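Heads up, the thing below is written out as structure tokens.
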Amino acid sequence: DGEKRLQNAALHTAGHITGGILRTVYNYQEQISANHFPNQAKVDFKLEGAVGKDSIEEKANDIISSGKRVTEEYDANNVRCIKIDGLCTAPCSGTHLSDTSQIAQYQVRKIDTKKGRLTVGYNAKYHGALE
């Protein structure tokens with residue numbers, strides 16, 4: 001199902017954008033987990049400090065609208081890494097879009113800080129996704 005694959009790729013790519021912002025803007029380093037399923041997409045990091053929902057959303061939408069390329073490369077250990085130009089490179093074997101501007105309607109759904117963990121829940125859709 002091509003439409004479902006593109007929607008999953010949009011959520012997965014948006015997860016890299018969210019994690020990249022946490023690493024570069026807020027200096028978060030230790031990612032614990034991630035989930036890119038519809039209506040429950042989130043990234044979890046070891047709690048390092050306060051973050052702002054509006055700030056993450058604004059920065060993510062700037063990255064999305066700027067149309068940054070999303071590419072894959074392999075590191076010295078032959079591990080596949082996803083690179084978003086000017087933001088981040090992270091090991092990953094998932095499905096991704098080729099350009100951030102293919103994401104529509106990015107928003108932070110929630111931010112939780114519990115048990116030493118920061119969870120940022122988000123929603124994103126693929127441009128052209130059926131309602």
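How large a share of the accessible area of the chain, in percent, is made up of carbon and sulfur atoms when the probe is 1.4 Å and the other protein chains stay in place?
Working: 3240 of 7140 Å².
Percent of accessible area from carbon and sulfur atoms in the chain: 45.
Ordering 25, 2, 71 by the projection of their Cα atoms onto the charge dipole of the chain, which places +1 on the Cβ of Lys and Arg and -1 on the Cβ of Asp and Glu, puts 25 at the extreme positive end.
If you roll a 1.4 Å probe over the heavy atoms of the protein chains, what accessible area per residue do you get for the chain, in Å²?
Details: 7140 Å² over 131 residues.
Spelled out: the 1.4 Å probe surface of the chain, per residue, equals 55 Å².
Charged side chains reduced to their Cβ positions (Lys and Arg at +1, Asp and Glu at -1) give the chain a dipole of some 360 debye around its Cα centre. Compute a Gaussian network model of the chain, connecting alpha carbons closer than 10 Å, and tell me which residue from 77, 35, 27 fluctuates the most. Most flexible of the set in this elastic network: 77.
Within the straight-line cut-off of under 13 Å between alpha carbons, the aspartates and glutamates reachable from residue 46 are 30, 112, sequence neighbours fewer than 8 places apart in one chain being disregarded. Between 74, 106, 26, which gets the highest mean-square fluctuation from a Gaussian network model of the chain, Cα cutoff 10 Å? Result: 74 has the largest fluctuation of those listed. Taking every alpha-carbon pair within the chain, the share separated by more than 25 Å comes to 18 percent.
Computed extension length for residue 5-residue 66: 19.7 nm, one decimal, from 0.36 nm per residue of separation with the Cα-Cα distance subtracted.
From helices alone, the chain scores -9500 deg cm²/dmol at 222 nm; the rule is -39500 (n - 2.57) for each run of n ≥ 4 DSSP H residues, then divide by the residue total.
GNM on the chain, alpha-carbon springs under 10 angstrom: the most fluctuating residue among 78, 39, 61 is 78.
The values are calculated or read from the model by the stated rules, or taken from the named source; none is laboratory data. Just so it is clear, the model here is predicted, and its values are computed rather than measured. A quick note on method: Cβ atoms are made from the backbone with ideal geometry, for glycine too, and the neighbour counts reach across all protein chains shown. We work out accessible area using only protein heavy atoms, side chains counted, and drop any ligands, DNA or RNA first. Shrake-Rupley method; radii C 1.70, N 1.55, O 1.52, S 1.80 Å.
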